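The values are calculated or read from the model by the stated rules, or taken from the named source; none is laboratory data. Keep in mind the model is a prediction, meaning the values are calculated, not measured. Here the Cβ positions follow ideal geometry from the backbone for every residue, glycine too, while neighbour counts run over all protein chains shown.
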Amino acid sequence: MKVEPVTLWLDDRLGIGSIAQLARKKEIPIHRHSIWYYFGGMTLFLFGVQVVTGILLLLYYRPSAETAFESVQFIVTEVQFGWLIRSVHSWSANLLIATLFIHMFSVYFMRAYRRPREVTWLSGVFLLLLAVGFGFSGYLLPWNKLAFFATKVGTEIAGVIPLIGKPMLRFLRGGEDVTGATLTRFFGFHVAVLPAISTVILAVHLALVQLHGMSVPPGLEGKNLRKMKFFPGFLMRDLIGWILAIGVLAALAALFPWELGEKADAFAPAPAGIKPEWYFLFMFETLKLLPPKILSFDGEVLGILGFAAGGLVWFILPFLDKHERTRRPVFTVIGVIVVLFIVTLTIVGFVS
Amino acid sequence: MKLTNDPPSYSRSRLTFFALIPMIALVLFQTAAAQKKDSCVECHSRLEGPLSEPVRLSKGDVHNARGLSCVDCHRGDASRDDKAAAKGRQTGFIGKPRSSDIPRLCGQCHSNAEFMKKFNPSLRVDQESEYSTSIHGRLLKSGDQKVATCVSCHGNHGVRAVKDPLAKVYALNVAETCGSCHANAGYMNSYRIPHDQFDNYKKSVHARALYERQDLSAPTCNDCHGNHGAAPPGLASVANVCGQCHSRQASLFQASVHKTVFGLMEAGECVQCHSNHGIIPPSDEMLGVGEKSACTHCHGKGDSGYAAAEEMLEKINQMSASISRSTEILNRAERAGMEVSKPRFELNDAKDALTQSRVLVHTFSTDELDKVLKPGMDVANKSYGAGASALDELSFRRKGLAGSLFFILFLAALIYLKVRELERRSQAEKPAGG
């Protein structure tokens, strides 16, 4: 009796009843590929973990070349459960990229980008770019030796791009070299610019998912598929996955704490076998394997331009594959080749 | 001030012009000198065997490179083709100089500051007078023709600058050069001095630094004995010689009780414990009363020095063991993924204390040792404590993880059962509703 007026009051002003109704009405098709539906939710959950742990880290982190390393050291040694928050933030970031890739390729192979979900795909690819940007900018923040040189190499690669390369390199580094100015800049990107853009794009992405509902693979379209209620069935299953993800993150943080390494020193020699984060490895290895000259062009420049062109094609994919219902084995084959290429070169990168 | 007020273009061009005059003159002079006839080289280059050696060796000779020629040392007339005329009495030809004449012959130029300034203003010009104070110089003066003179160490026709790695007196080659006589038992026989210095030196810590690390600042023969004034340092001056590099140890020793005692014993200060040419790397075992102890050479059971030696070693060993214990636990914590770089950095203070204590043994006072070892020990214990708490923290994390995983799995199972129940209920409701 006492609760009802409050919900009515809220419904009257916020319209929560319609949201609850939408949740009650929303249904998830059940078929042999339904498992892939969970990866979007998992990515969203890990993003939430990043937001929470990131805010907690912000309470102690100090973004300058003189204090960054020491403040992270303080977090992992002196702050109560600081080690847990920092390790969870680092591990969760990596798991997020992994689930994001899985989510993207599942959407690709199920051809869920088809009409009317083109904008959902575009916003998703944009979110992937943002996530990679989060990874690249966040990697430097502890200001350790590995991060310093990886950022140096990473920004150098960006600097090779014709015309825009040099200005972009100076913009990213805040000067000619990786310095304290780069650190504060990356910090700004990591905690303000990227989160602001991500929030907007993520809102659009989620709103579009609600608007269009779950996509069904072309081969199953029109069949009388069983349905599962989004609430409580699907959401509670999602919840099980998220709780298990917390367990995995806790185990990784406790058993394999994320290393801090040595403080960055611009005058020290670069450590041997310097490598970027695993999700950049396939590109890094490709650029390494390319010959210095292809015809009369610089091999590295061609490689970077190749990746840029590939990324663009990937981005506009819904406009290339317009056939709505028919099977398109060409796209499946291309997808398999892309996955094999990424997996193989990532393994090569780890082994070499 | 005046110069800067002048028109710069005019003053500069005039200065440049005047600066060029001597340079042009020098070039013209050198060209003329190069074209000048040198019958010594002409004839000796045609000869075979030892007589052609001077011409061959002179290729890398520092004197030859500076424009000096045979006649500058040997006299004679190089413009004459005829051997008798070139080496005639009236030309002052001196052929192969006698050993006793060599220091003066070289000194004619090398003791002349004004002359030497033209070639190298920073070069010393006291070699000849220094040589006369050396054992070599004194023996030469007494008529011994076997002793080393300038050419014995520097060579005669192939004299190279000291900084030239091919020079016989380059830091890396000095010991071998000295050893060519001093390690020759037959040659040294008549002087009744040992000939094992070179062999001993090669085993020393100094030789290791010089040859293995290529550390040219590491001492070789001339750094302790002097070069031109070479002589063994007297008993009273040994500490001064070693103190040139080991200044802290030397000053501590000078203020210690052993300074007076060693003086009374007529013992050679540093060399009494460390020896001379074959100085091995000092170790903690040189303290104490064990087999390798240097203290037991003089001290016996029951005297206070014996007890002090034993106590000093014990304190240093304790410090060393404490550092090892702390390092080991920090390594374990680090291998387990714990962040221990701060206590590891702090442990360096304990290592410094250990190093300092090894220097302070030259005070031969346990109280002095305590002054650095006590704080060092505190640091080592603190680092050990940090390592131990890191491992405790690790164990806490693992226990915490086990507990949370149990709770997480339990919660997941509960939700799963709830979902199943809800689905069963909705399945059951459907036909009823339908």
(request) Tally the residues that are touching a residue at least 24 places away in the same chain (Cβ under 8 Å), within 18 Å of residue A:128 (Cβ to Cβ) and among the small types (Gly, Ala, Ser), restricting the search to region A:30-56. (result) 2
(message) Here are the criteria: (1) assigned to a helix (DSSP H, G or I); (2) within 28 Å of residue B:422 (Cα to Cα). Tell me which single one residue A:254 does not satisfy.
(response) (2)
(message) Residue under question is residue B:355, and the condition is that it be modelled with pLDDT under 95 and either closer than 21 Å to residue B:284 by Cβ or within 12 Å of chain A (Cβ to nearest Cβ) (or both); does it hold?
(response) no
(request) Filter region A:80-96 down to residues that are closer than 17 Å to residue A:140 by Cα and away from chain B (no Cβ under 14 Å), then give me how many there are. (result) 4
(request) Please enumerate the residues belonging to region A:215-257 that are at pLDDT 90 or above and small (Gly, Ala, Ser). (result) A:241, A:245, A:247, A:250, A:251, A:253, A:254
(request) Among the candidates B:124, B:89, B:160, single out the residue that is without any contact (Cβ under 8 Å) to a residue 40 or more places away in the chain and not assigned by TED's automatic domain parsing to the domain that holds residue B:59. (result) B:124
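Every residue, every condition in (1) in contact with a Lys or Arg (Cβ under 8 Å, 6 or more places away or on another chain); (2) modelled with pLDDT of 90 or more, yes or no:
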residue	(1), (2)
A:259	no, no
A:266	no, no
A:270	yes, no
A:282	no, yes
A:297	no, no
A:335	no, yes
A:344	no, yes
(message) Looking only at region A:268-282, filter to residues that are in contact (Cβ under 8 Å) with a residue 40 or more places away in the chain and of a type in the set (A, V, I, L, M); which one of those is farthest from residue A:157 (Cα to Cα)?
(response) A:268
(request) Considering only residues that are within 14 Å of chain B (Cβ to nearest Cβ) and hydrophobic (A, V, I, L, M, F, W, C), look in region A:258-289 and name the one that is farthest from residue A:140 (Cα to Cα). (result) A:258
(request) Would you mind telling me which numbered condition in (1) in contact (Cβ under 8 Å) with a residue 12 or more places away in the chain; (2) part of a loop (DSSP other than H, G, I, E, B); (3) farther than 23 Å from residue B:272 by Cα residue B:230 fails? (result) (3)
(message) Criterion first (over 21 Å from residue A:249 (Cα atoms), touching a residue at least 12 places away in the same chain (Cβ under 8 Å), surrounded by 13 or more Cβ atoms within 10 Å (Cβ to Cβ) and not aromatic (Phe, Trp, Tyr)) does residue A:20 satisfy it?
(response) no
(request) Determine if region B:319-337 includes at least one residue that is surrounded by 18 or more Cβ atoms within 10 Å (Cβ to Cβ), within 14 Å of chain A (Cβ to nearest Cβ) and part of a helix (DSSP H, G or I). (result) yes
(request) Determine which member of the set B:69, B:52, B:58 is outside the structural domain of residue B:170 (by TED's automatic domain parsing), within 41 Å of the chain's Cα centre (by Cα), without any contact (Cβ under 8 Å) to a residue 40 or more places away in the chain and part of a helix (DSSP H, G or I). (result) B:52
(message) Can you tell me which residue is farthest from residue A:76 (Cα to Cα) among those in region B:355-386 that are among the polar types (S, T, N, Q) and in a helix (DSSP H, G or I)?
(response) B:363
(request) Please give the number of the condition residue A:255 fails out of (1) more than 14 Å from chain B (Cβ to nearest Cβ); (2) surrounded by fewer than 18 Cβ atoms within 10 Å (Cβ to Cβ); (3) farther than 25 Å from residue A:123 by Cα. (result) (1)
(request) Could you tell me which of the residues B:389, B:426 is over 28 Å from residue A:76 (Cβ atoms), within 13 Å of chain A (Cβ to nearest Cβ), assigned to a helix (DSSP H, G or I) and among the polar types (S, T, N, Q)? (result) B:426
(request) Hey, could you check region B:392-423 for residues that are of a type in the set (Asp, Glu) and within 9 Å of chain A (Cβ to nearest Cβ) and say which is farthest from residue A:87 (Cα to Cα)? (result) B:423
(request) Select, from A:77, A:67, A:53, the only residue that is within 14 Å of chain B (Cβ to nearest Cβ) and not hydrophobic (A, V, I, L, M, F, W, C). (result) A:77
(message) With the structure loaded, tell me whether residue B:216 is assigned to a helix (DSSP H, G or I) and either modelled with pLDDT of 95 or more or on the phi < 0 side of the Ramachandran plot (or both) or whether it fails that test.
(response) no
(message) Looking only at region B:163-210, count every residue that is free of Cβ contacts under 8 Å to residues at least 60 places away in the same chain, surrounded by fewer than 16 Cβ atoms within 10 Å (Cβ to Cβ) and closer than 19 Å to residue B:120 by Cβ and tell me the total.
(response) 2
(message) When the residues of region A:202-252 are narrowed to those that are more than 11 Å from chain B (Cβ to nearest Cβ) and of a type in the set (Gly, Ala, Ser), which ends up nearest to the chain's Cα centre (by Cα)?
(response) A:203
(request) Please find, among A:178, A:216, the residue that is part of a loop (DSSP other than H, G, I, E, B) and in contact with a helix residue (DSSP H, G or I) (Cβ under 6 Å, 6 or more places away or on another chain). (result) A:178
(request) Considering each of A:335, A:273, A:349, A:261 in turn, give the residue that is surrounded by 11 or more Cβ atoms within 10 Å (Cβ to Cβ) and on the phi > 0 side of the Ramachandran plot. (result) A:261
(message) Residue under question is residue B:352, and the condition is that it be part of a helix (DSSP H, G or I), charged (D, E, K, R) and touching a helix residue (DSSP H, G or I) at 6+ places or on another chain (Cβ under 8 Å); does it hold?
(response) yes
